[in-house]
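Data block below; observations after.
The values are calculated or read from the model by the stated rules, or taken from the named source; none is laboratory data. Since this is a predicted model, take the numbers as computed values, not measurements. Here the Cβ positions follow ideal geometry from the backbone for every residue, glycine too, while neighbour counts run over all protein chains shown. Side chains are part of the model used for accessible areas, which takes the heavy atoms of the whole protein and leaves out ligands, DNA and RNA. Shrake-Rupley method; radii C 1.70, N 1.55, O 1.52, S 1.80 Å.
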Amino acid sequence: PRERARDLLRVPAFRRILAAATVLGAATVGDAFVYLLLQRRIGFAESWFPLLPLGAAAVYLLLAVAVGRIGDRVGRRVPFLAGHAALVGAYGLLLAPVGGAPLLVGVLLLVGVFYAATDGVLMALAGPFLPAARRASGMAVLQTGQALSRLLAAAGFGAAWTWWGTTAALTAAVLALCTALGVAALLLRPLETRRSEGSPATNSRTDEPSSEAP
């Protein structure tokens, strides 16, 4: 029901996480474009193209558990932002004067790191701020917002590729994702939380968005 979705959006921390995920999604180039650019840069046979997602998936499988443990130790905000920084690195490699195996391995590795550090971590980041009875609904809202923004990003990158060419479009994508990272870092910034009355007059910092109003 729409009323329940609106209720979830009244939670300040969830709004911040949703906004961060949406902003980052809107600056993300679709995987198909990344693999197509990789194929064009290296020039391997098109019959190998379907194997590219498998390479990134293998990296994801190897790193997902380890990244999750890191998130449990240092907070989910850090790996989530670092994963998008890895994606910036993948785009940068596609612009760099690198070719052959180093380009292939580097891009697939960075894309795999991106997914390992963001998919499950995003859900873990949002979960504590959602009521138990609506947790699945909240995560569905989060994924929907992210998916819609990525759809728009893919359409925008495709249009930029057509109008400006590969290099200009990818450069714009790098700049957009760097900007989105800065915005997301502010939205997810650790906030000082005051101790309850009667406790020592010191402040502590949380590693996740505050559940209080901004």
statement: Given (1) over 21 Å from Val183 (Cβ atoms); (2) in a helix (DSSP H, G or I); (3) not basic (Lys, Arg), Phe44 misses just (2)
- line: For Arg15, the lone unmet condition from (1) over 16 Å from Gly145 (Cβ atoms); (2) at pLDDT below 90 is (1)
task: Please state which of the following conditions Val111 fails to meet, knowing it meets all the rest: (1) of a type in the set (Val, Ile, Thr); (2) assigned to a helix (DSSP H, G or I); (3) at pLDDT below 90.
output: (3)
Sole exception among (1) more than 18 Å from Leu63 (Cα to Cα); (2) out of contact with any Gly (no Cβ under 9 Å at 6 or more places or on another chain); (3) without any contact (Cβ under 8 Å) to a residue 24 or more places away in the chain for Thr171, by number: (3)
field: Flag if Arg40 is touching an Asp or Glu at 6+ places or on another chain (Cβ under 7 Å), open to solvent by 30 Å² or more (accessible area, probe 1.4 Å) and in contact (Cβ under 8 Å) with a residue 24 or more places away in the chain
entry: no
Residues (more than 19 Å from Phe14 (Cα to Cα) and crowded, with 19+ Cβ neighbours inside 10 Å) located in the range 67-81: Val67
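Hey, any hits in the range 120-127 for a residue that's modelled with pLDDT of 90 or more, open to solvent by 10 Å² or more (accessible area, probe 1.4 Å) and out of contact with any Leu (no Cβ under 8 Å at 6 or more places or on another chain)?
No: the range 120-127 contains no residue that is modelled with pLDDT of 90 or more, open to solvent by 10 Å² or more (accessible area, probe 1.4 Å) and out of contact with any Leu (no Cβ under 8 Å at 6 or more places or on another chain).
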message: If I ask for residues that are modelled with pLDDT of 90 or more and in contact with a Leu (Cβ under 8 Å, 6 or more places away or on another chain), which ones from the range 59-76 would you list?
response: Val59
query: Mind checking whether some residue in the range 48-55 is in contact (Cβ under 8 Å) with a residue 40 or more places away in the chain and surrounded by fewer than 20 Cβ atoms within 10 Å (Cβ to Cβ)?
result: yes
Within the range 56-100, considering residues that are free of Cβ contacts under 8 Å to residues at least 12 places away in the same chain and assigned to a loop (DSSP other than H, G, I, E, B), the one nearest to Arg16 (Cα to Cα): Ala96
task: Write out, first by first residue and then by second, each pair whose Cβ atoms fall under 8 Å of each other, whose residues are 6+ apart or on separate chains, and whose first residue, in the range 141-153, is over 11 Å from Ala21 (Cβ atoms) and at pLDDT 90 or above while the second is open to solvent by 30 Å² or more (accessible area, probe 1.4 Å) and not in a helix (DSSP H, G or I).
output: Leu152/Ala26; Ala153/Ala26
